[in-house]
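What follows is a single structure, written as structure tokens, with notes after it.
The values are calculated or read from the model by the stated rules, or taken from the named source; none is laboratory data. Just so it is clear, the model here is predicted, and its values are computed rather than measured. Please note: Cβ atoms are built from the backbone with ideal geometry, for glycine as well, and neighbour counts cover all protein chains shown. Note: areas computed on protein heavy atoms with side chains; ligands, DNA, RNA excluded. Shrake-Rupley method; radii C 1.70, N 1.55, O 1.52, S 1.80 Å.
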Amino acid sequence: MKAIRFTTYGDPSVLELAEVQKPIPHSGEALIRVAATTFNPVDAAIRAGVLQQQFPLTLPHIPGIDVSGVVTAVGADVDRSLVGSSVVAFLPMAANGAAAEYVTAPANLLATAPVPVPLSDAAALPSSGLTAWQALIDHAGVYAGSRVLVNGAGGGVGGFTIGLAKHLGAHVIATASPRSSDAVRAAGADEIIDYTRIPVIDALTEPVDFVVNLVRTSPAELAALRDRITDRGALVSTTTPAVADASRNVRGENVFVRSDAQQLRNLVSLLDRGVLRLDVSARYPLAELPQVHALGERGQLRGKTVVQIAV
Ligand SMILES: NC(=O)c1ccc[n+]([C@@H]2O[C@H](COP(=O)([O-])OP(=O)(O)OC[C@H]3O[C@@H](n4cnc5c(N)ncnc54)[C@H](OP(=O)(O)O)[C@@H]3O)[C@@H](O)[C@H]2O)c1
């Protein structure tokens with residue numbers, strides 16, 4: 001089968017299109033014919049070799065942590081009726097990924113794919129949707145009527161974070177540059193701060209109950225945002241570590257997204273019901289994955305970028 005893989009760590013040029021052996025599903029696994037995978041910022045960090053401690057890989061490695069596709073075979077101890085199902089999953093990060101015609105995945109991580117979107121676009125959901133879910137629900141505890149600042153809302157995680165926070169009944173303030181403002185508004189943001197015109201800390205006039213930080217920011221900038229959070233609120237960060245303010249019972253929570261099939265099913269259901277939307281801003285063929293990594297590293301991607309294997 002065709003796959004993109006890297007045999008050494010390095011810049012995007014280490015990604016090479018290769019003919020590799022089709023994987024075989026072992027006990028507990030499903031074999032998926034891949035429709036699409038995505039680009040996530042972590043893919044570039046893994047490829048560059050800066051996350052070897054967190055994600056010890058066996059090289060050569062096939063990247064791609066999100067998958068949408070169709071189950072074509074299952075291993076022992078997996079329900080055979082899964083064969084033929086359209087599925088999505090957030091794959092184990094140290095295993096071979098979905099930048100390939102086929103990938104194996106633990107069957108207990110799969111969720112049925114959403115109905116209203118093309119199967120290849122559905123790859124945009126798993127890791128970014130789960131990050132939003134875990135940030136807002138597991139870490140923050142966002143509730144109806146609360147005020148939530150989503151800092152860095154124009155990216156892949158941001159759109160889901162806005163949509164989910166609105167679904168939870170929150171008032172959402174989002175930071176976005178002009179290229180993302182329409183998408184952020186469409187996702188449901190009540191207020192938009194153009195961070196290219198005014199620093200978010202200056203634009204934020206009223207306190208918020210929760211900050212979901214999706215931007216690589218300085219510890220000082222993050223502490224300044226935390227100081228705008230109401231007592232007993234929370235600062236939740238996917239990037240720069242969040243520091244609590246114990247004197248006011250403001251929690252500091254760091255997200256390390258994990259695969260969770262039930263949460264993914266909940267997200268699919270929200271997509272099926274039109275509560276959540278996908279913000280797929282670009283689609284590339286598998287062979288162009290090196291260019292996608294280069295664009296991502298230069299900050300030239302917004303929303304979710306999907307890498308199509310079979311449409
Ligand atoms: N810890 C975890 O488990 C975990 C999980 C998922 C993601 N993450 C991390 O979370 C971050 C967000 O992920 P993502 O997938 O959404 O990234 P992404 O798609 O690459 O986000 C890019 C967006 O960031 C926005 N941005 C850049 N600088 C900004 C600034 N100074 N202020 C406000 N927005 C800014 C840009 O928005 P505009 O288009 O509006 O300019 C851009 O569209 C990444 O650093 C990622 O590595 C961590």
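Of the whole protein surface, Thr196 contributes about 90 Å² of accessible area at a 1.4 Å probe radius.
Only protein heavy atoms count here; under a 1.4 Å probe, Ser247 has an accessible surface of about 100 Å².
Solvent-accessible area assigned to carbon and sulfur over segment 37-123 amounts to 56 percent, based on a 1.4 Å probe.
Just checking the listed ones, Phe55, Phe210, Phe90: in the Gaussian network model of the chain with Cα springs under 10 Å, the one fluctuating most is Phe55.
One decimal place: the segment Met1-His26 gains 7.2 nm when fully extended, by the rule 0.36 nm per residue minus the C-alpha distance. Of the peptides 75-85, 102-112, 44-54, 181-191, the order by per-residue mean of other Cβ atoms within 10 Å, starting with the highest, comes out as 102-112, 181-191, 44-54, 75-85.
Counted over segment 175-268, the DSSP beta bridges are approximately 10% antiparallel.
Spin-label model, Gln52 to His167: label points 7 Å out along the Cα-to-beta-carbon direction sit 4.0 nm apart. Rounded to the nearest 20, the Cβ-based charge dipole of the chain about its Cα centre (Lys and Arg +1, Asp and Glu -1) stands at 200 debye.
Of His26, His167, His61, the residue with the largest accessible area leads and the full order is His26, His167, His61 (1.4 Å probe).
Bridges between two residues of the chain, per DSSP, are antiparallel at a rate of about 55%.
Across the chain, Cα pairs under 8 Å and at least six residues apart give a relative contact order of 20 percent. If the elastic network links every pair of Cα atoms under 10 Å, which of Ala99, Ala261, Ala174 fluctuates the most in the Gaussian network model of the chain? Checking each option, the largest mean-square fluctuation is seen for Ala261.
Protection proxy ranking, highest mean first, for peptides 266-272, 117-123: 117-123, 266-272, where packing is the per-residue count of other beta-carbon atoms within 10 Å, averaged. Over all pairs of different C-alpha atoms, segment 250-299 has a mean inverse distance whose reciprocal, the Kirkwood radius, equals 14.4 Å. Here is how the number arises for the chain: DSSP H runs of 4 or more residues each give -39500 (n - 2.57), the sum is divided by the residue count, and the result at 222 nm is -6500 deg cm²/dmol. Taking the average, over residues, of other Cβ atoms within 10 Å as the packing measure, peptides 225-232, 125-132 rank 125-132, 225-232 from highest down.
Each Lys and Arg contributes +1 and each Asp and Glu -1, all at the Cβ; summed about the Cα centre of segment 134-230, the dipole is approximately 180 debye.
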